[in-house]
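Below is one structure; the comments refer to it alone.
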Amino acid sequence: MPTVKAYAATSPTGPLTPTTIERRDPGPNDVLIDIKFAGICHSDIHTVRGDWGPQSYPLAPGHEIAGIVTAVGHAVTRHAVGDRVGVGCMVNSCGECIHCRAGEEQYCLAGHTGTYGATDRDGTITQGGYSTHIVVSENFVVSIPDGLALDVAAPLLCAGITTYSPLRHWGAGPGKKVAVVGMGGLGHMGVKLAAAMGAEVTVLSQTLNKRDDGLSLGAQRYFATGDPETFTRLAGSFDLIISTISAAVDINAYLKLLSLNGTLVLVGAPPEALPVQAFSLSMGRRSFAGSTIGGIRETQDMLNFCAEHGLGADIEVISAGQINEAYERVLASDVRYRFVIDTATL
Ligand code: NAP
Ligand code: ZN
């Protein structure tokens, strides 16, 4: 079993520290990837801190992985040594249920296997991308098109697909008024993608501090949710709202911004419940929905779409020694707009 360098949490409260982890020997259908860059997703922070439930430690997070294939099992057909590839939030699923067969492995009826902190089919706990190498079944490895640099592509594997999938599902495009709530990692990709799809995009952020960035990424309008006037002014405005907020907020205030038949999709995953008042939905036949990442085929579609439209994430590349500081900055909404670890510094 290869032993590789990694950065891992050893408890919900302590810092992440350098360590080593074991990777399995590549099986017939596996790909060994030399990880070049790994994005820091807010989900990494929720997970290592136990926001969503207890974890087993040490835990190396990271599900925005971009790298180069360095070995393949003998039965691998999709990828070859030297290929530029990515791995996102899942590394396995049952492959047989109705959702897996439809290419929506993220909704596998047996539960997909998360890239880290999940029990793999062989009983081991998966370890993520804050490491130098990973071994993944070829079915969960996507190709990074030539036009996309690996560092700006890494965040697309989670932040990109998590916003792309609901934008597609709910028909973002010309004539649709879309609001993206939260200008963080997911939010900034949501703005870029919705604008590239042709929708009219509005950003709702806590303040106007990132307004210039939002407009340059493709939004037409930008409002501060810290100003109560925003909620009066925009009442009944949007066909689709994508909320990327990582904390609990009064969701009723946002539901009232939907037009008749509009849908608010929660992709942000605060640990707290979000109580909904009946009239927030019934007065306007509104829908409150959720969405998680996207299937492997759709992830490849998203990467191809990003390459065609020249879209990557706006990133700040950091060394491994800056991971803990980066976590604090993400928690303080002080990220423009994704931290990406240069794994050569591990
Ligand atoms: P992020 O970079 O921290 O962005 C979250 C944004 O939410 C912040 O930039 C901030 O935007 C806004 N926000 C934070 N706290 C807030 C508060 N108390 N009130 C109002 N707005 C607040 O995080 P991310 O990586 O984009 O992830 C966002 C959420 O999505 C996390 O909960 C994460 O776990 C979840 N997630 C879900 C999926 C999925 O499959 N559904 C996938 C990935 C991530 P402003 O500064 O603009 O106000
Ligand atoms: Zn993520």
Out of 10, 17, report the one residue that is of a type in the set (S, T, N, Q) and free of Cβ contacts under 8 Å to residues at least 12 places away in the same chain.
17
Only residues that are buried (at least 20 other Cβ atoms within 10 Å of the Cβ) and more than 13 Å from ligand 1 (Cβ to nearest atom): list them for the range 242-255, please.
255
In the list 159, 194, which residue meets the criterion of being open to solvent by less than 10 Å² (accessible area, probe 1.4 Å), within 16 Å of ligand 2 (Cβ to nearest atom) and among the small types (Gly, Ala, Ser)?
159
Consider residue 47 carefully, then state whether it is open to solvent by 40 Å² or more (accessible area, probe 1.4 Å), closer than 26 Å to residue 318 by Cα and of a type in the set (Val, Ile, Thr).
no
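Residues checked against (1) of a type outside the set (Val, Ile, Thr); (2) more than 26 Å from residue 168 (Cα to Cα); (3) open to solvent by less than 10 Å² (accessible area, probe 1.4 Å):
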{"site": "198", "(1), (2), (3)": "yes, no, no"}
{"site": "201", "(1), (2), (3)": "no, no, yes"}
{"site": "208", "(1), (2), (3)": "yes, yes, no"}
{"site": "214", "(1), (2), (3)": "yes, no, yes"}
{"site": "218", "(1), (2), (3)": "yes, no, no"}
{"site": "229", "(1), (2), (3)": "yes, yes, no"}
{"site": "232", "(1), (2), (3)": "no, yes, no"}
{"site": "236", "(1), (2), (3)": "yes, no, no"}
{"site": "239", "(1), (2), (3)": "yes, no, no"}
Quick one: which strands (runs of 3 or more DSSP E) lie wholly within the range 1-54 and hold at least 1 residues that are hydroxyl-bearing (Ser, Thr, Tyr)?
3-9, 16-22
By residue number, the members of the range 99-138 that are outside any loop (DSSP other than H, G, I, E, B), in contact with a helix residue (DSSP H, G or I) (Cβ under 9 Å, 6 or more places away or on another chain) and either among the small types (Gly, Ala, Ser) or without any contact (Cβ under 8 Å) to a residue 60 or more places away in the chain (or both) are 99, 100, 113, 114, 131
Contact list, first residue from the range 244-272 and more than 22 Å from residue 158 (Cβ to Cβ), second anywhere and part of a loop (DSSP other than H, G, I, E, B) and of a type in the set (S, T, N, Q), beta-carbon distance below 7 Å, six or more apart or interchain, is 252/277; 257/237; 259/237
Quick one: residue 305 ticks every box in (1) farther than 30 Å from residue 102 by Cα; (2) among the aromatic types (Phe, Trp, Tyr); (3) in the same structural domain as residue 49 (by TED's automatic domain parsing) bar one, so which box is it?
(1)
Of residues in the range 27-85 being in contact with a helix residue (DSSP H, G or I) (Cβ under 8 Å, 6 or more places away or on another chain) and polar (S, T, N, Q), the one farthest from ligand 2 (Cβ to nearest atom):
77
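The values are calculated or read from the model by the stated rules, or taken from the named source; none is laboratory data. All of these numbers come straight from a predicted model, not from anything done at the bench. Glycine gets a Cβ as well: all are built from the backbone with ideal geometry, and neighbour counts include every protein chain shown. These accessible areas exclude ligands, DNA and RNA; they are computed on the full protein's heavy atoms, side chains included. Shrake-Rupley method; radii C 1.70, N 1.55, O 1.52, S 1.80 Å.
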